[in-house]
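This report refers to the structure that appears directly beneath it.
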Amino acid sequence: ECRGGVQLSNIQEMLSDTYNFVLYSDMQNPGVYNPILFKKDKFNLLKSGVYFLNANDLTHPIISWDNSGNYRFTAYAKLQIKETGEILYFFQTHFDHFGETARNEQARINMEQVRRIAGNYPAIVCGDHNASKSRVPFYNMMLSYMQDSRNTATTKINLSSGDGTLNKRTVDGKIVWDPAYKSSSRLDYIWIRG
């Protein structure tokens, strides 16, 4: 999840010498992106696209289910590793923060689309899922097709302070990003397959 304007331009300014960007917005609110960044010297971009997470039309933003009123979508990139020629797909998503039915349906649509778009190629699905692991339908649906990288990683990070991934908090009535702050529940995931 990335806001356009200053946030996006700061990221591009800091990283554009090293990284290429795949940028799609939700078309109704062009200031919201699910950007994909990849190293220029390591990957070739073969294809990119976007699909919307709604009940009726994956090609257009529509509000569905018990959604909060925000258009949700997934951007993807087909990448080729320059050194080996191997191909992988990377998906960047953002689920609704209000509706449980919406999140479960968005997980289902994502798994259907990952299977359709990536086929048998390795796939990575990242993003703000706005759901803790205890929300069983969402988590089990994702886990039925992908692996939670936090469980499969060979290098583990000490999570003694909790597994929260939200780094924003309110200071003097303003929302600020604080990398030292961790919320109590996990909202962001990296799912892997292959």
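The values are calculated or read from the model by the stated rules, or taken from the named source; none is laboratory data. From a predicted model like this one, the values you see are computed outputs, not experimental measurements. Heads up, the Cβs are rebuilt from the backbone with ideal geometry, glycines too, and the neighbour counts pull from every protein chain shown. We work out accessible area using only protein heavy atoms, side chains counted, and drop any ligands, DNA or RNA first. Shrake-Rupley method; radii C 1.70, N 1.55, O 1.52, S 1.80 Å.
Among the conditions (1) open to solvent by less than 50 Å² (accessible area, probe 1.4 Å); (2) under 21 Å from Leu23 (Cα atoms), the only one that Ser68 does not satisfy is (2).
If you go through the stretch 92-100 one residue at a time, do you hit one that is free of Cβ contacts under 8 Å to residues at least 40 places away in the same chain, under 23 Å from Ala118 (Cβ atoms) and open to solvent by 50 Å² or more (accessible area, probe 1.4 Å)? Among the residues of the stretch 92-100, not one is free of Cβ contacts under 8 Å to residues at least 40 places away in the same chain, under 23 Å from Ala118 (Cβ atoms) and open to solvent by 50 Å² or more (accessible area, probe 1.4 Å), which makes the answer no. For Val114, state whether it is under 14 Å from the mean Cα position of the chain (by Cα), open to solvent by less than 20 Å² (accessible area, probe 1.4 Å) and farther than 27 Å from Ser9 by Cβ. It is true that Val114 is under 14 Å from the mean Cα position of the chain (by Cα), open to solvent by less than 20 Å² (accessible area, probe 1.4 Å) and farther than 27 Å from Ser9 by Cβ.
Could you run through the stretch 172-194 and say how many residues are assigned to a strand (DSSP E or B) and either open to solvent by 90 Å² or more (accessible area, probe 1.4 Å) or modelled with pLDDT of 85 or more (or both)? Outline the logic, then answer.
Applying the first criterion (assigned to a strand (DSSP E or B)) to the stretch 172-194 yields 174-177, 188-193.
Then drop every residue that is not either open to solvent by 90 Å² or more (accessible area, probe 1.4 Å) or modelled with pLDDT of 85 or more (or both), which leaves 174-175, 177, 188-193.
Looking only at that region, the number is 9.
Restricting Phe90, Phe52, Phe98, Phe43 to those that are under 19 Å from Ile124 (Cβ atoms) and either of a type in the set (A, V, I, L, M) or under 18 Å from the mean Cα position of the chain (by Cα) (or both) reduces the list to Phe90. For the stretch 123-133, the criterion of being at positive phi, open to solvent by less than 70 Å² (accessible area, probe 1.4 Å), in contact (Cβ under 8 Å) with a residue 12 or more places away in the chain and in contact with a Ser or Thr (Cβ under 9 Å, 6 or more places away or on another chain) is met by at least one residue. Annotation note: Cβ proximity below 9 Å between a residue of the stretch 181-194 that is over 19 Å from Ile117 (Cβ atoms) and a residue that is assigned to a strand (DSSP E or B) and at pLDDT 90 or above (sequence gap 6+ or interchain) occurs for Asp188/Cys126; Asp188/Gly127.
Of all positions in the stretch 47-59, none carries a residue that is of a type in the set (A, V, I, L, M) and more than 20 Å from Ala102 (Cα to Cα).
Give the number of residues within the stretch 22-43 that are open to solvent by 50 Å² or more (accessible area, probe 1.4 Å), within 26 Å of Thr59 (Cβ to Cβ) and assigned to a strand (DSSP E or B). The total comes to 1.
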